[in-house]
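Each reported figure results from applying straightforward, stated rules to the coordinates on display, with no laboratory input. Quick caveat: nothing in here was measured; it's all calculated off a predicted structure. A quick note on method: Cβ atoms are made from the backbone with ideal geometry, for glycine too, and the neighbour counts reach across all protein chains shown.
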Amino acid sequence: MLPAQDTKHLNEQDPDQLRIHSIESMGTHDGPGIRMVVFAQGCEFRCLYCQNPDTLDVKGGKFIPLEEIVRRAKNMKGYFGDKGGVTISGGEPMLQRRKLKKLFEMLHSEGIHTCLDSNGRLNTPDAYELLDETDLILLDVKHINDEWHKKLTKVSNVNTLKLAEYRESTGKPMWLRYVLVPGWSDQEEYLHELGQHFKDYKTIEKIEIQPYHKLGVHKWKMLGMKYELEGVEPPSVELIEKARGIFSQYFKEVKVN
Ligand code: SF4
């Protein structure tokens, strides 16, 4: 497993360039409509199931000028339609929050919708400023129980829950995302606890269940990292339906991705 790294420079250096892993031009899974998805480089979480372990290294990836991202997004505008736009995913995009705020301002001045897919790790004033400039946040809640969250990601969920609270206070929309891993994040009592925790939130438009899969396992092997979920299988249709049934008791819309 890649050790914890100092992430400060990601936010502070090269203010006009974003450190990215890659760009997908026609994404349909990360936010509404057709979207250009930019995968930011660097993450402080160490999720056992991470499907993009090659995005974790804060010194990896490549730089792209913010202007170049805007130029590409403008070229794509015809495909975005009413709902689409640009999503910044990762890695963890908030590690480059100041640059992203600037990028979102630039995109907004071109009339392009912005979406942020985040694990919610940061509660700094500049993270909140980015959130205020974000049309929609896709907040990944990895586990509602802090001990299990630490087992799954190596860090606490306290900041993620605080960030959700802040977003709720702004009245701006949010989708939750939940990776369903058999034996790790499928405990009935905790699915109910998550529902109870968020049931009165007015800004949550939906929750997306992301069934665990093994598509990124080969990357762990290529990077020489030990994959600790060896032997864990994707959830059965029954298990997914059970989770959907529980979440339906608390959320307006439950979608399985
Ligand atoms: S938060 Fe996302 S990018 Fe970071 S380790 Fe977890 S799954 Fe991977």
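When every Cα-Cα distance of the chain is counted in 5 angstrom steps from zero, the calculated P(r) takes the values 1, 6, 13, 18, 20, 18, 13, 7, 3, 0 percent. Each residue in E228, E133, E147 was given a count of other beta-carbon atoms within 10 angstrom of its own, and listing them fewest first yields E147, E228, E133. Electrostatic bookkeeping for V254 treats Lys and Arg as +1 and Asp and Glu as -1; over the other residues with beta carbon under 14 Å from its beta carbon, the sum is +3.
Result for the chain in a Gaussian network model with C-alpha springs under 10 Å: among Q196, Q41, Q96, the largest mean-square fluctuation is at Q196. Among K83, K142, K101, which one shows the highest mean-square fluctuation when the chain is modelled as a Gaussian network with alpha-carbon springs under 10 Å? Greatest mean-square fluctuation among the candidates belongs to K83. The distance linking the range 72-132 with the range 24-60 is 13 Å (Cα centroid to Cα centroid, whole angstrom). Only DSSP H runs of four or more residues enter the estimate; each adds -39500 (n - 2.57), and after division by the residues of the chain the mean residue ellipticity at 222 nm equals -10500 deg cm²/dmol.
Note on K62 and N159: the model spin-label points, each 7 Å out from Cα along the C-beta direction, lie 2.9 nm apart. Of the beta bridges in the chain, as assigned by DSSP with both residues counted there, near 25 percent are antiparallel. Of M94, M36, M225, which has the largest mean-square fluctuation in a 10 Å C-alpha GNM of the chain? Between M94, M36, M225, it is M225 that shows the largest mean-square fluctuation. Multiplying the residue separation of K255 and Y166 by 0.36 nm and removing their Cα-Cα distance gives an extension gain of 29.7 nm. With each label modelled as a point 7 angstrom along the Cα→C-beta vector, the E147-E12 pair spans 3.8 nm.
Convex hull volume per residue, computed on the Cα atoms of the range 1-122, equals 93 Å³.
The length gained on full extension between E110 and V237, counted as 0.36 nm times the residue separation minus their Cα-Cα distance, comes to 41.5 nm. Here the mean projected area of the convex hull built on the C-alpha positions of the range 202-257 is 5.2 nm². The phi-based Karplus calculation (6.51 cos²θ - 1.76 cosθ + 1.60; θ = phi - 60°) puts the 3J(HN,Hα) values of the range 33-42 at x, 8, 9, 7, 10, 9, 9, 6, 8, x Hz, whole numbers, x for Gly and Pro.
Taking Cα centre as origin and charging only the Cβ of basic (Lys, Arg, +1) and acidic (Asp, Glu, -1) residues, the dipole magnitude of the range 8-256 rounds to 480 debye.
Using 0.36 nm per residue and subtracting the Cα-Cα separation, the extra length available between Y201 and E129 on full extension is 23.9 nm. The amide H of K206, built 1.01 Å from its N in the peptide plane, has L176 as neighbours under 5 Å, considering only residues 5 or more places off or on other chains.
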